[in-house]
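The values are calculated or read from the model by the stated rules, or taken from the named source; none is laboratory data. All of these numbers come straight from a predicted model, not from anything done at the bench. Cβ sites come from the backbone with ideal geometry, for glycine too, and all protein chains shown count toward neighbours. Surface accessibility is based on the protein's heavy atoms, side chains included, excluding ligands, DNA and RNA. Shrake-Rupley method; radii C 1.70, N 1.55, O 1.52, S 1.80 Å.
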Amino acid sequence: MLLAGCVDHNWETNDITDVMPDLEFDLVDENGQDVSAEDYIGKPTFVFFGFTHCPDVCPTTLAKLSAAIKQLDESRRDDVQVLFVSVDPGRDTPQIMKQYTQAFGPQFIGLTGQRKKIDAVTNRYRVTYEYGERDDQGHYNVTHSSSVFAFNREGEARFMASDFDTIDSILGDLKYLLKHG
């Protein structure tokens, strides 16, 4: 009888509840401070892996998340956080991360760290990345996943957005997460 009121939620994006692990990492934030996942518990959290020199996937994905957040009631916008984890720590210093994330809104926080710590996080969430060849000027590209992982206030994985998900789909799932998780 008690279970009659329980309804599983059908996410508009991809349900990763009980498929992906809880939020866990030890990195450096855009202010140069050592941080861990525990520092971000309490708010629904998006996690996206990329790099600041990315020509397309990163700015497009972060702009999509920013657009979804801006559609929330103003009073709810600060109840969400977006952790942008750099997979290019050689170029993405905390200062560069901070300058980059500020363009998307106050909810965006850049994270970086030693390659070993970044690899621990990317391995945890099955995210791949690979460095391209350096050109004559030393520039290189980094191929990486475009998935965005969403965690509830307790740091439990809930949904994953991809390139194919619309702002409206992300917004719908975010609103549900804000209300129920």
- Any idea what Rg and Dmax come out to for segment 78-151 if you just take the C-alpha atoms, in Å? 13.3, 45
- Item | Debye, to nearest 20: dipole size of segment 55-165, +1 on Lys, Arg Cβ, -1 on Asp, Glu Cβ | 340
- Select from segment 1-94 those trypsin sites (Lys or Arg not before Pro) which occupy a DSSP coil region and have at most 16 other Cβ atoms within 10 Å, ordered by residue number. ARG91
- For LEU111, enumerate residues with amide H under 5 Å from its amide H, sequence gap 5+ or separate chain, H modeled in the peptide plane. PHE84, VAL85, SER86
- Round to the nearest 0.05 the FRET efficiency obtained for ARG91 and HIS9 when R0 = 45 Å and r is the Cβ-Cβ distance. 0.70
- What is the sum of charges around ASP22, taking Lys and Arg as +1, Asp and Glu as -1, for the other residues whose C-beta is under 9 Å from the C-beta of ASP22? -3
- Can you list the GluC sites (Glu not before Pro) in segment 8-71 that are in a DSSP coil and have 14 or fewer other beta carbons within 10 angstrom? GLU24
- Query: What whole-number value in Å² describes the accessible area per residue of segment 63-142 for a 1.4 Å probe?
  - Reply: 55
- Message: Using a Cα-Cα cut-off of under 28 Å, which lysines could be cross-linked to LYS117, ignoring same-chain neighbours fewer than 8 residues away?
- Response: LYS43, LYS64, LYS98
- Task: Among the chymotrypsin sites (Phe, Trp or Tyr not before Pro) in segment 86-125, which ones are in a DSSP loop with at most 10 other Cβ atoms within 10 Å of the Cβ? Mind listing them?
- Result: none
- The ³J(HN,Hα) series, computed from each phi in segment 66-82 with the Karplus coefficients 6.51, -1.76 and 1.60 at θ = phi - 60°, rounded to the nearest Hz and given as x for glycine or proline, is 4, 4, 5, 5, 5, 7, 6, 4, 3, 5, 9, 4, 7, 8, 10, 9, 10
- Item | 12 Å beta-carbon shell around PRO89, net charge (K/R +1, D/E -1) | +1
- Task: Read phi for every residue in segment 115-120 and hand back ³J(HN,Hα) as whole Hz from Karplus 6.51 cos²θ - 1.76 cosθ + 1.60, θ = phi - 60°, with x for Gly and Pro.
- Result: 4, 4, 6, 5, 4, 4
- May I ask you to give the percent of accessible area on segment 24-181 that is carbon plus sulfur, with a probe radius of 1.4 Å? 46
